[in-house]
Amino acid sequence: MIAPDAPFAATEPRLGLYPVVDSLVWIVRLLDSGVTTLQLRIKDQPDVTVEPDIEAAILLGRKYRARVFINDYWSLAIKHGAYGVHLGQEDLDTADLAAIQRAGLRLGLSTHDDHELARAQALHPSYIALGHIFPTQTKIMPSQPQGLADLKRLAAGLPGVSTVAIGGISIDRVDDVLRCGVGGIAVVSAITKAADWRLATATLLQKIEGRGAPDA
Ligand SMILES: Cc1ncc(COP(=O)(O)OP(=O)(O)O)c(N)n1
Ligand SMILES: Cc1nc(C(=O)O)sc1CCOP(=O)(O)O
Ligand SMILES: [Mg+2]
């Protein structure tokens with residue numbers, strides 16, 4: 001059991017640009033490009049297969065003073081002292097939330113509608129992800145896109161909560177998403193499928209956080 005009404009460890013109120021990537025190669029590239037919030041999202045592998053990359057990503061996050069969230073593999077994240085974990089609604093049925101809380105890891109939760117949002121809010125996570133905002137090619141979604149009007153309504157209903165928008169957010173949609181009042185924007189394909197990922201990352205950092213990449 002998690003302590004009722006006890007919040008998970010706090011994260012930044014505004015997480016800024018939040019790339020979600022599936023390999024250590026991308027983690028290194030993006031840390032070197034000045035990204036400070038990241039997620040390692042490797043799907044459906046045995047723990048023994050992913051543990052070396054998860055440990056390395058956590059150590060790199062510490063070295064670069066960046067916030068590296070581990071998707072799904074919450075017990076490995078605890079074992080190696082990650083900054084944080086990202087979990088979906090299905091994970092909530094099986095993950096040991098009390099262990100995550102005791103270990104002081106930050107917790108991000110996915111939500112896709114008002115019902116999931118209410119469930120997430122009751123757990124007082126470190127941030128709440130609101131998705132998917134637009135159609136996405138990256139993941140098969142059972143839900144419908146929430147769109148900008150709902151994003152604005154949902155963000156307005158979460159004062160004091162760190163929020164992240166995800167799903168189909170391309171560079172040209174970032175300004176509209178920011179106007180909805182979220183503090184973080186999570187992207188996969190806007191960076192990993194960009195013709196020039198360095199330019200895409202620099203453009204996103206500038207638009208979302210108002211800063212450039214560090215000097216090479
Ligand atoms: C920032 C962020 N938001 C949502 C998700 C989706 O997580 P989940 O619902 O657990 O689905 P998978 O990513 O595991 O397929 C996310 N990873 N990151
Ligand atoms: C992993 C993931 N989770 C989502 C959610 O809504 O929970 S949308 C998504 C994929 C986001 O990829 P892209 O930026 O390429 O659309
Ligand atoms: Mg998940």
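The table below gives the values:
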quantity	calculated
Unmet requirement for Arg119, which otherwise passes all of (1) more than 21 Å from Ile208 (Cβ to Cβ); (2) surrounded by 19 or more Cβ atoms within 10 Å (Cβ to Cβ); (3) within 15 Å of ligand 1 (Cβ to nearest atom)	(2)
Tabulated pairs, segment 11-27, first hydroxyl-bearing (Ser, Thr, Tyr), second away from ligand 2 (no atom under 16 Å from the Cβ) and in a loop (DSSP other than H, G, I, E, B), C-beta under 7 angstrom, 6+ apart or interchain	Thr11/Ser126
Residue identified as within 21 Å of Gly88 (Cβ to Cβ) and either more than 16 Å from ligand 3 (Cβ to nearest atom) or crowded, with 20+ Cβ neighbours inside 10 Å (or both) among Leu151, Leu205, Leu178, Leu199	Leu151
Residue count for segment 9-39, restricted to those that are farther than 16 Å from Gln206 by Cα and in a helix (DSSP H, G or I)	6
Selection within segment 154-169 - surrounded by 14 or more Cβ atoms within 10 Å (Cβ to Cβ) and small (Gly, Ala, Ser)	Ala155, Ser162, Ala165, Gly167, Gly168
Search result, residues across segment 97-124 that are under 21 Å from Ala56 (Cβ atoms) and assigned to a helix (DSSP H, G or I)	Ile100
Residue that is nearest to ligand 3 (Cβ to nearest atom), among those in segment 54-74 that are in a loop (DSSP other than H, G, I, E, B) and crowded, with 16+ Cβ neighbours inside 10 Å	Asp72
Subset tally (residues that are part of a helix (DSSP H, G or I), in contact with a helix residue (DSSP H, G or I) (Cβ under 8 Å, 6 or more places away or on another chain) and either within 13 Å of ligand 3 (Cβ to nearest atom) or in contact (Cβ under 8 Å) with a residue 60 or more places away in the chain (or both)) for segment 75-96	3
Residue in segment 148-155 that is closer than 23 Å to Tyr83 by Cα, of a type outside the set (Ser, Thr, Tyr) and touching a Leu at 6+ places or on another chain (Cβ under 8 Å) present	no
Selection count, segment 93-124, where residues are more than 12 Å from ligand 2 (Cβ to nearest atom), over 24 Å from Ala66 (Cα atoms) and touching a Leu at 6+ places or on another chain (Cβ under 6 Å)	1
Test result for Ile42, in a loop (DSSP other than H, G, I, E, B), within 14 Å of ligand 1 (Cβ to nearest atom) and not aromatic (Phe, Trp, Tyr)	yes
Selection status of Leu204, within 13 Å of ligand 2 (Cβ to nearest atom), in contact (Cβ under 8 Å) with a residue 40 or more places away in the chain and of a type outside the set (Asp, Glu)	yes
Residue satisfying condition, being modelled with pLDDT of 95 or more and within 12 Å of ligand 1 (Cβ to nearest atom), within set Gly81, Gly104, Gly108	Gly108
Segment 125-139, residues that are within 13 Å of ligand 1 (Cβ to nearest atom) and part of a loop (DSSP other than H, G, I, E, B)	Pro125, Ser126, Gly131, His132, Ile133, Thr136, Thr138, Lys139
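The values are calculated or read from the model by the stated rules, or taken from the named source; none is laboratory data. The shown structure was predicted, so the numbers you read here are calculated from the model rather than taken from an experiment. We place every Cβ from the backbone using ideal geometry, glycine too, and count neighbours over all the protein chains shown.
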